[in-house]
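Asker: Once you've had a glance at the structure underneath, I'll fire off some questions.
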Amino acid sequence: MMTTLFTDLGQYKRWRDSLDGSAIVGFVPTMGALHEGHINLMQRAKRECDAVVVSIYVNDLQFNSQQDFDKYPRTLSLDTEVCNGAKVDVVIAPNKSDLFPHNVEKLIEPSASALDYEGRDRPGHFAGVTTIVDALFSSIRPSKVFLGLKDYQQVCVIRDMAAIKHPEISIIPCNTVRDHDGLAFSSRNRFLTKNGRENALHIPRALNQVNQLWNDGMHDVSELERNAVQLFNAVDGVDLQYVSIVEQDSMRHATVAREHDTVLIAAIVEGIRLIDNVQLLSV
Ligand code: PAF
């Protein structure tokens, strides 16, 4: 079966209403420019659900500058092919006026999980994310939502919003997918030059180093974070924004690092903001 593309929410609603009431509908929200990370989410959704829906919507509310919004790659026909290859049932690429018929009167305030890190460095970003995701959840009516853990903080923020506004929906965090060189797949990687990509590899290297040090017995969070900062101080071309260890499944800063806590890194390379993280695991 070919993937069906809807650009009209009315058409989508008719399709959604035609499904059996007990059907499990899996949903992968995206802004397009699809890559292996997204394909992994679609495949997991396919395994766990009766029907899979992918949304493609470049959400102006979550960008910090008009320039970034304009620059964001828009590749709808290619993306639809990717979804077709992953046997996705429906792609929905709605218009803003369809999603927000009364305009966006008030943004949804994100939980405390949004306060630090990306939330601090990108004011308003998470309010934009929670507002669009809430609107998508209301229109798509999914049973399960598959989100990539590369955006760890986003997963926490969406999970908190859904627990209050859409408690019937299960949020399924999915592991980060990495390219052959270790760089986490991201729509932004395409903006890196060859040299920039080489520099960006210091991010997964630093994450692995922290995991190694932790496995070797270093459990003091300040010491682990200091080691990662030193690694970045020794290299050119990577502007570290933060390195931080947070407690399992939360955005609370840890003091003693435990298994399943998450190491977060954000860095700017060639003007591109890159984020990545790794969960501390015993090897
Ligand atoms: O992760 C993304 O692509 C976006 O933040 C999302 C969840 C689709 C909301 O616009």
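Asker: Once the Cα atoms of helix 36-48 and of the chain are each reduced to a long axis, what angle between those two axes, in degrees from 0 to 90 to the nearest 10, is obtained?
Answerer: 60
Asker: Let me ask something additional. Counting each DSSP H run of 4 or more residues in the chain as -39500 (n - 2.57), what helix-only mean residue ellipticity at 222 nm follows after dividing by all residues, to the nearest 500 deg cm²/dmol?
Answerer: Working: 11 runs with 111 residues, N = 283.
Taken over the chain, the calculation gives -11500 deg cm²/dmol.
Asker: Just need the relative contact order of the chain here, percent rounded to a whole number, with Cα pairs under 8 Å and 6+ apart. Intermediate results must be reported in sequence, preceding the final value.
Answerer: Working: 496 pairs, mean separation 47.0, N = 283.
Answer for the chain is 17 percent.
Asker: Exceeding 28 Å between C-alpha atoms, which entries from my cross-link table qualify? They are LYS13/LYS150; LYS96/LYS150; LYS46/LYS106; LYS71/LYS106.
Answerer: LYS13/LYS150; LYS46/LYS106, as the Cα separations exceed 28 Å there.
Asker: Just to check I understand the Karplus step: with θ = phi - 60° and J = 6.51 cos²θ - 1.76 cosθ + 1.60, what whole-Hz values come out for segment 64-76, glycine and proline as x?
Answerer: Result, ordered by residue: 8, 8, 4, 4, 5, 4, 5, 6, 4, x, 10, 9, 4 Hz.
Asker: Read phi for every residue in segment 82-89 and hand back ³J(HN,Hα) as whole Hz from Karplus 6.51 cos²θ - 1.76 cosθ + 1.60, θ = phi - 60°, with x for Gly and Pro.
Answerer: Taking θ as phi minus 60°, the curve returns 4, 5, 4, x, 8, 6, 5, 6 Hz for segment 82-89.
Asker: Oh, and also: May I ask what percent, to the nearest 5, of DSSP beta bridges between residues of the chain are antiparallel?
Answerer: Working: 18 of 37 bridges.
Of those bridges, close to 50 percent are antiparallel.
Asker: Just to confirm the filter: which GluC sites (Glu not before Pro) across segment 147-224 are DSSP coil and have at most 12 other Cβ within 10 angstrom of their Cβ?
Answerer: Values: sites: GLU168, GLU198, GLU223; in loops: GLU168.
Qualifying residues, ordered by number: GLU168.
Asker: Restricting attention to segment 194-283, which chymotrypsin sites (Phe, Trp or Tyr not before Pro) occupy a DSSP loop and are surrounded by at most 10 other Cβ atoms within 10 Å?
Answerer: Values: sites: TRP214, PHE232, TYR242; in loops: none.
Qualifying residues, ordered by number: none.
Asker: If you don't mind, there's one more thing I want to ask. Could you work out the relative contact order of segment 187-273, using alpha carbon pairs under 8 angstrom and six or more residues apart, expressed as a whole percent?
Answerer: Here the relative contact order equals 31 percent.
Asker: If you average the sequence gap of Cα pairs under 8 Å that are 6 or more apart and divide by the length of segment 19-153, what percent do you get for the contact order? List each step's numbers first, then the result.
Answerer: Working: 188 pairs, mean separation 47.6, N = 135.
Computed value for segment 19-153: 35 percent relative contact order.
Asker: Using a/c under 1.5 as the rounded threshold, could you call the chain rounded, prolate or oblate? The axes a ≥ b ≥ c are square roots of the C-alpha gyration tensor eigenvalues, and prolate needs a/b larger than b/c, oblate otherwise. Working shown, then result.
Answerer: Numbers: a/c = 1.77, a/b = 1.66, b/c = 1.06.
Taking the square roots of the gyration eigenvalues as a ≥ b ≥ c, the chain is prolate.
Asker: With springs only between Cα atoms under 10 Å apart, run a GNM on the chain and tell me which of PRO167, PRO123, PRO110 wobbles the most.
Answerer: PRO167
Asker: Could you tell me which trypsin sites (Lys or Arg not before Pro) in segment 1-87 are loop residues by DSSP with no more than 16 other beta carbons within 10 angstrom of their beta carbon?
Answerer: On the way: sites: LYS13, ARG14, ARG16, ARG44, LYS46, ARG47, LYS71, ARG74, LYS87; in loops: ARG74, LYS87.
Here the sparse-neighbourhood loop sites are ARG74, LYS87.
Asker: Within the set of other residues whose C-beta is less than 15 Å from the C-beta of PHE185, count the net charge using Lys and Arg as +1 and Asp and Glu as -1.
Answerer: On the way: positive: ARG44, LYS150, ARG178, ARG188, ARG190, ARG197; negative: GLU36, ASP79, ASP151, ASP179, ASP181, ASP276.
The answer is 0.
Asker: Take the chain, connect every pair of alpha-carbon atoms lying under 10 Å apart with a spring to form a Gaussian network, then pick out the residue of HIS180, HIS166, HIS260 with the largest mean-square fluctuation.
Answerer: Looking only at HIS180, HIS166, HIS260, the biggest GNM fluctuation is shown by HIS180.
Asker: Using Cα atoms only, what is the angle between the long axis of helix 202-215 and the major principal axis of the chain, expressed in degrees (0 to 90) to the nearest 10?
Answerer: Rounded to the nearest ten degrees, it is 70.
Asker: What does the net charge come to around SER113 if you take all other residues with beta carbon closer than 11 Å to its beta carbon, with K and R at +1 and D and E at -1?
Answerer: Details: positive: ARG159, ARG252; negative: ASP116, GLU118, ASP160, ASP249.
That works out to -2.
Asker: Could you check which residue among VAL25, VAL256, VAL53 shows the biggest mean-square fluctuation in a GNM of the chain with a 10 Å Cα cutoff?
Answerer: VAL256
Asker: Amide H to amide H under 5 Å from GLN241: which residues, 5+ apart in sequence or cross-chain, H placed 1.01 Å off N in plane?
Answerer: HN-HN under 5 Å from GLN241: ALA266, ALA267, ILE268.
Asker: Something else now. So what's the gap between the Cα centers of segment 211-252 and segment 37-79, to the nearest angstrom?
Answerer: What the calculation gives is 30 Å, centre to centre.
Asker: Round to the nearest 10 and give me the degree value, 0 to 90, for the angle of helix 9-18's Cα axis relative to the longest principal axis of the chain.
Answerer: 80
Taken together, the values in this text are just the output of simple stated rules run on the coordinates, not laboratory data. Keep in mind that what you see is a predicted model, and the values were worked out from it rather than measured. Neighbour counts are summed over all protein chains in view; Cβ atoms, including those assigned to glycine, are modelled from backbone coordinates with ideal geometry.
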